[in-house]
Amino acid sequence: MSYDTILAEYPLPPSVKEEIKEELEKIKVKKSVAKKIVDYCYKAYLSNLLEPGEAVGIVAAQSIGEPGTQMTMRTFHYAGVAELNVTLGLPRLIEILDVRKNPSTPMMTIRLLSEYAKEREKAREVANRIEATYLKDVAEIEVDLKETIITIKPDFEALRRKDLSIGELRDKIEKIIKKNAELIEINGKFIVKVSKESYKLLMDVFEELRELVVMGIKEIRRVIIRKEGEEYVLYTEGSSLKKVMKIKGVDFTRTITNDIYEIYEVLGIEAARAAIIKEAIETLEEQGLEVDVRHIMLVADVMTADGELRQIGRHGVAGEKQSILARAAFEMTVNNLLDAALKGEVDNLKGITENIIIGQPIKLGTGDVELIAKLGVRR
Amino acid sequence: MRLQDHILVPKHEILKEEEVEKLLKLLGVSKEQLPKIKVTDPIVKEIGAKAGDIIKITRKSPTAGVSIFYRFVVE
């Protein structure tokens, strides 16, 4: 006997249906009794729904704001066991809601395809492909001012560890200096000779060589390999979802970054919404604060409603309010009033803030009800 | 490589003509009043939706299990 047919008649959310079904199967009742139970559950569900017109925004604001007062103001902590530096607490929450284009500590969690995830050696191989390796990491660079040459002594041990051949290194160096200098190879050393005798040019080439990325992704400064359960996972300092996705061995479907704007650009608005919720909840939970997801979901929905990421604040949600008075009450009062006056804007007094300012009842609760009466002619 | 396979991306599908009318009637709104999504959105490009379409998004929700959301494709 299945209770699904009974449940199918009710427009309950799938998770609630699942729960009811589980309980029904435990007690194993007749169909008629089951129907009564489900009916009762449905009534309880309806009475727990929010009423239309409920001020959910204010409730969400308070529910996030109050725990926010208990958050650490300045934290620059180490997350988990890894040696990675991650912004946490209030600064991180502000970063999420402000949709900063460059978070202060960008970080990625990279999961690998099964053939690379099981052995440390294989994981190391992928990590090498991702982590930025500079020329100065694999070679010694010296400038000889007298001869106006630069000598590059490759460190063969480092090259072997990075699995990089001398030929590849040579190609990379040649590519960057091709206009300004020529490359000569003498018994295992590279000598870079600038095209004209100029100290400025020499130093410019030297700087370029120092910053040359010979392997990996420029944005990823460091990669840490950690074992999680059965598989090895890579954690990175720095983030570039687009480039990492294309690296061989990376399981891109399970690779994420903490840079929400990057997720928005690469995976779209819905992924950004999911990321906002995930990051905000994780930040709050890490601080030991319990905030209902519904509040965070509401915030994420508002931020993504227009199809593009909008921050909470004067350049986003709060700055796009229709009412002049509401905008002026939030931030930059004088500027807002002045601009509105210049443009000849009209405030229709439909919102909450503006009605409070001028001392009228607000359109919420009892204030939302209007009296409609038929006026009969008095005799 | 399909971006839709990513764990953060919920299922997106273009709503059929007849379903659009049914939906708008049920919700009592016009297309423009729905939440929006840009034509330049990577997922919109991937499923080949055009401006004016409505996209049905089936999200996994921590509260409701599964929740359905609609977005109107705009320029």
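Solvent-accessible area of A:LEU159, probe 1.4 Å, all protein chains present, reported in Å² to the nearest ten, please.
Approximately 10 Å² of A:LEU159 is accessible to the 1.4 Å probe.
Can you tell me the length gained on complete extension of the stretch A:ILE191 to A:LYS350, counting 0.36 nm per residue apart and subtracting the Cα distance? Intermediate values should be presented prior to the final figure.
Values: separation 159, 0.36 × 159 = 57.24 nm, distance 7.42 nm.
Using 0.36 nm per residue and subtracting the Cα-Cα distance, I get 49.8 nm.
On average, how much area does the Cα convex hull of region A:180-321 cover when viewed from any direction, in nm²?
Values: hull surface 61.2 nm².
Average of the hull's projected areas for region A:180-321 equals 15.3 nm².
In terms of solvent-accessible area of protein heavy atoms at a 1.4 angstrom probe, what is the ranking of A:ASP251, A:ASP4, highest value first? Kindly include the intermediate steps, with their values, before the conclusion.
On the way: A:ASP251 25, A:ASP4 75 Å².
Highest to lowest solvent-accessible surface, that is A:ASP4, A:ASP251.
Using a 1.4 Å probe on protein heavy atoms only, how many Å² of accessible area do B and A hide from each other, summed over both chains and rounded to 100? Display every interim value, and only then the final one.
On the way: alone 5530 and 23920 Å², together 27190 Å².
Rounded to the nearest hundred, the buried surface is 2300 Å².
Based on the alpha-carbon gyration tensor of region A:321-368, what equivalent-ellipsoid semi-axes (square roots of 5 times the eigenvalues) come out, in whole Å, largest first? Before the final figure, lay out the partial values.
On the way: eigenvalues 95, 22, 11 Å².
Semi-axis lengths for region A:321-368 are 22, 10, 7 Å.
Take B:THR58, A:THR69, A:THR87 and sort them by solvent-accessible surface of the protein heavy atoms, 1.4 Å probe, largest at the top.
Values: B:THR58 40, A:THR69 110, A:THR87 5 Å².
Correct descending sequence by accessible area is A:THR69, B:THR58, A:THR87.
With a point put 7 Å past each Cα toward its Cβ, work out how far A:GLU121 is from A:LYS35 in nm, to one decimal.
Here the modelled spin labels are 6.7 nm apart.
Kyte-Doolittle cut-off -1.0, length cut-off 18 Å along the helix's own axis using Cα: show which whole DSSP H helices in chain A pass.
Membrane-span-like by this criterion, though nothing is claimed about a membrane: A:31-48, A:56-69, A:269-286.
Taking N as the number of residues in chain B, what is its Cα Rg relative to 2.2 N^0.38 Å? Working shown, then result.
Values: Rg = 12.5 Å, N = 75, 2.2 N^0.38 = 11.3 Å.
My calculation over the Cα atoms of chain B gives 1.10.
Rg (Å, one decimal) plus Dmax (Å, integer) for the alpha carbons of the protein assembly as shown?
29.6, 118
Enter the accessible area per residue of chain A (Å², integer; probe 1.4 Å; all protein chains in place). All intermediate terms of the calculation are to be shown ahead of the outcome.
Working: 22790 Å² over 379 residues.
Ligands and nucleic acids excluded, the result is 60 Å² per residue.
Rounded to the nearest 10 Å², what accessible area does A:THR366 show when all protein chains are kept and the probe is 1.4 Å?
Per-residue accessible area (A:THR366): approximately 130 Å².
Which value in Å is the Kirkwood Rh of region A:293-341 over different Cα pairs? The partial results should precede the final answer.
Values: mean 1/r = 0.0860 Å⁻¹.
With all distinct Cα pairs of region A:293-341 included, I get 11.6 Å.
Can you pull the percent of chain B's accessible area that's carbon plus sulfur, 1.4 Å probe, other chains left in place? Walk me through the numbers on the way to the answer.
Numbers: 2350 of 4400 Å².
Within chain B, the accessible surface is 53 percent carbon and sulfur.
For region A:215-282, which GluC sites (Glu not before Pro) are in a loop by DSSP, counting at most 14 other Cβ atoms within 10 Å?
Numbers: sites: A:GLU219, A:GLU228, A:GLU230, A:GLU231, A:GLU237, A:GLU262, A:GLU265, A:GLU270, A:GLU279, A:GLU282; in loops: A:GLU219, A:GLU230.
Filter output for region A:215-282: A:GLU230.
How do A:GLU125, A:GLU147, B:GLU18 stack up against each other in accessible area, from largest to smallest, with a 1.4 angstrom probe? If you can, show how the numbers build up before the last one.
Numbers: A:GLU125 70, A:GLU147 100, B:GLU18 125 Å².
Correct descending sequence by accessible area is B:GLU18, A:GLU147, A:GLU125.
Leaving out ligands, DNA and RNA, and with a 1.4 Å probe, what % of the accessible surface on region A:175-241 is carbon or sulfur?
Numbers: 1810 of 3810 Å².
Reported share for carbon and sulfur atoms: 48 percent.
The values are calculated or read from the model by the stated rules, or taken from the named source; none is laboratory data. Owing to the predicted nature of the structure, the values given are computational and were not obtained by experimental measurement. Ideal geometry is used to build each Cβ from the backbone, glycine not excepted, and the neighbour counts take in all protein chains shown. Accessible surface areas use protein heavy atoms only, side chains included; no ligands, DNA or RNA. Shrake-Rupley method; radii C 1.70, N 1.55, O 1.52, S 1.80 Å.
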